[in-house]
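Asker: The following block contains the structure, expressed as structure tokens.
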Amino acid sequence: MLRLVIPFLAQELVVRRSLNSWARKKRKVAQSAAIHLTKKIKAVLRAAFLITSGYSYEVKASIMLSSASM
């Protein structure tokens, strides 16, 4: 009976390790996507602030260009 159980447990361990590896990779992708989305939201909020502010168009354009390069 033990001879039947040990290979099954070993196979289960390999499957779990591969699933954990897959989950780690997906988590890293999700984190980088969240960071990218946060930067986009900040850029949109910055643009909305600049549009509603009293700065001249030249100042707004230079600030937008400098923030886009970040």
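The values are calculated or read from the model by the stated rules, or taken from the named source; none is laboratory data. Keep in mind that what you see is a predicted model, and the values were worked out from it rather than measured. Virtual Cβ from ideal backbone geometry, glycine too; neighbours counted across all protein chains shown.
Asker: Out of the residues in region 58-70 that are of a type in the set (S, T, N, Q) and surrounded by fewer than 10 Cβ atoms within 10 Å (Cβ to Cβ), state the one that is modelled with the lowest pLDDT.
Answerer: Pass one, region 58-70, residues of a type in the set (S, T, N, Q): 62, 66-67, 69.
Restricting the remaining residues to those that are surrounded by fewer than 10 Cβ atoms within 10 Å (Cβ to Cβ) gives 66, 69.
Details: 66: 73, 69: 60.
For region 58-70, the residue satisfying everything is 69.
Asker: Then there's this: Taking residue 40 and the conditions (1) within 12 Å of the chain's Cα centre (by Cα); (2) in contact (Cβ under 8 Å) with a residue 24 or more places away in the chain, which numbered condition does it fall short on, given that it satisfies the others?
Answerer: With (1) within 12 Å of the chain's Cα centre (by Cα); (2) in contact (Cβ under 8 Å) with a residue 24 or more places away in the chain applied to residue 40, the lone miss is (2).
Asker: Residues of region 17-57 being surrounded by 10 or more Cβ atoms within 10 Å (Cβ to Cβ) and not in a helix (DSSP H, G or I), which ones?
Answerer: 53, 55
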